Amino acid sequence: MSLRKPAPLHRRLLWWLLGYLALLSLAVFSVGNYVHEHAEHSAWRALLNSELDSIVNHMDHEPHYRWQDSDTLRLFHVDASPQLPAILRTLHPGLHDGVAIEGRTAAVMVRDTPAQGRLALALDISDFHELEEFATRWTMLAGVVMIGVTVVMASFGIGRLVSPLRSLARRIDGLRPGVPGQRIEVDPRGSSELYVIAAALNDYLDRNEQFVERERVFISTTSHELRTPIAVITGAAELALEQPGVPDRARQQMQRVHRTAQGVEQLIQLLLVLARDPMRLASLKERIALDQLVPDIIEDHRHLMGDKDLQIAVPSLAHVDIIAPLGVVQAAIGNLLRNAIENSGRGTISISVSERAVVTLQDPGEGMSPEEIAAVYARMARGDRTQRGGIGLELIARLCEHLGWALTLEQSEPRGTRVILDLGASLP
């Protein structure tokens, strides 16, 4: 399952800025609307109370006083007016804003008086509400335009700010393993922090090149200084074994020397393979016919059975070729077979090869419990060495991981252990 690619930094900053502006605008609009409504109610209350005080004063002291309604201001006697709008009868004393009277919006002040009863003074504020809505729409439009302009300007500014970082990321992404002399340069517009990052990366690249060079020299030196004496020992042992009249005891010792020298040479080759980049192993790879190689490996390891009551059976041997280093394949299969022989007392060791280049080896030994198999995998992960002979499962596991192969251990029924070596990654 592939991980979702995170969004670029400048896009995240823009989204954060847009969210901040939206919240800020909402807060300012809410506070402004609250203050506006409060101020509006205070203005209506002061205006209508003042006017109503004047009307009540005239009515109380001037018997012939008659109020004349204007276009915007109307007085209603709630208790005595026969044509009173129904909504005014439901209003309690106090200020009421946004009351619909005959299709118009009004602010109404209702008051109970001792002489005149309940009075309602209505101020037509329809025109004011229309003006208020007009101003609100333009204010919101101006806010949206302001946010848009701010986002555009911020996008341009953030783009210029993040551009050096984006350039640095592209240069880092362009680094290629094994290419000497690679360095990271910072855009002149970059901040001091980017120069610190680039300096640390360049220092790392320098130390990595020095390490790679030391490794190359070590591999070259090891390949020459170790293989040469091992080849001399192997050649001398072969010549000694060809001499007639060699005593049996001495011949056995020379054969042991010859096998040990071959094993050390094989180990050196495996270690050199592990030290190399898998992409640079092409020169060591060749076409290998597993159906021909496996019988040869079996014959080379028969001497390990000694006087044990063991047999090696090959129930299935598919004709399949792989492209891989010959010595590595020989070492991998050979050491698995060696371990099977060393951990089996009697019975039949079965080895088979499938058409998908999967080598399955099953021994009749005591077998491994799930806990022991888990412990072996843990040692493989840590790279610990076992006490068994040969190269060991840990090194074989590292080789498999290095070359894209897979090594699996299973408990076999009724007894024994099944080892599966999947070489499918090396199919042509």
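Structure notes:
- Value of [θ]222 nm, deg cm²/dmol, for the chain, DSSP H segments ≥ 4, -39500 (n - 2.57) each, nearest 500: -19500 deg cm²/dmol
- Simple spin-label estimate for Ser70 and Ala425 in nanometres, 7 Å along Cα-Cβ: 9.4
- When the charge dipole of the stretch 1-88 is built from unit charges on Cβ atoms (+1 for Lys and Arg, -1 for Asp and Glu) and taken about the Cα centre, the candidate among Ser42, Pro6, Ser81 whose Cα reaches farthest toward its positive end is Pro6.
- Normalising by residue count, the stretch 1-76 has a Cα convex hull of 152 Å³ per residue.
- With all protein chains in place and a 1.4 Å probe, the accessible surface of the stretch 180-242 carries 62 percent carbon and sulfur.
- List Arg137, Arg104, ordered by accessible area with a 1.4 Å probe, largest first: Arg137, Arg104
- Listed residues Met153, Met305 arranged by accessible area, highest first, probe 1.4 Å: Met153, Met305
- At q = 0.07, 0.14 Å⁻¹, base-10 log of I(q)/I(0) for the chain (Debye sum, equal scatterers on each alpha carbon): -0.64, -1.25
- For the stretch 122-237, the Kirkwood hydrodynamic radius from C-alpha pairs, put into Stokes-Einstein at 20 °C and a viscosity of 1.002 mPa s, yields a diffusion coefficient of 102 µm² per second.
- Averaged per residue, the stretch 31-145 has 63 square angstrom of accessible surface, using a 1.4 angstrom probe with ligands and nucleic acids left out.
- Cα-based convex hull volume of the stretch 155-219 per residue, rounded to whole Å³: 65
- About its Cα centre, the chain has a charge dipole of approximately 1700 debye under the convention of +1 per Lys or Arg Cβ and -1 per Asp or Glu Cβ, with nothing else charged.
- The stretch 179-337 - Debye-derived log10 I(q)/I(0), Cα point model, q = 0.08, 0.10, 0.14, 0.19 Å⁻¹: -0.44, -0.61, -0.92, -1.27
The values are calculated or read from the model by the stated rules, or taken from the named source; none is laboratory data. This is a predicted model, so every value here is computed, not measured. Positions of Cβ are generated from backbone atoms using ideal geometry, with glycine treated the same way; all protein chains shown enter the neighbour counts. To get the accessible areas, we keep the full protein, side chains included, count just its heavy atoms, and leave off ligands, DNA and RNA. Shrake-Rupley method; radii C 1.70, N 1.55, O 1.52, S 1.80 Å.
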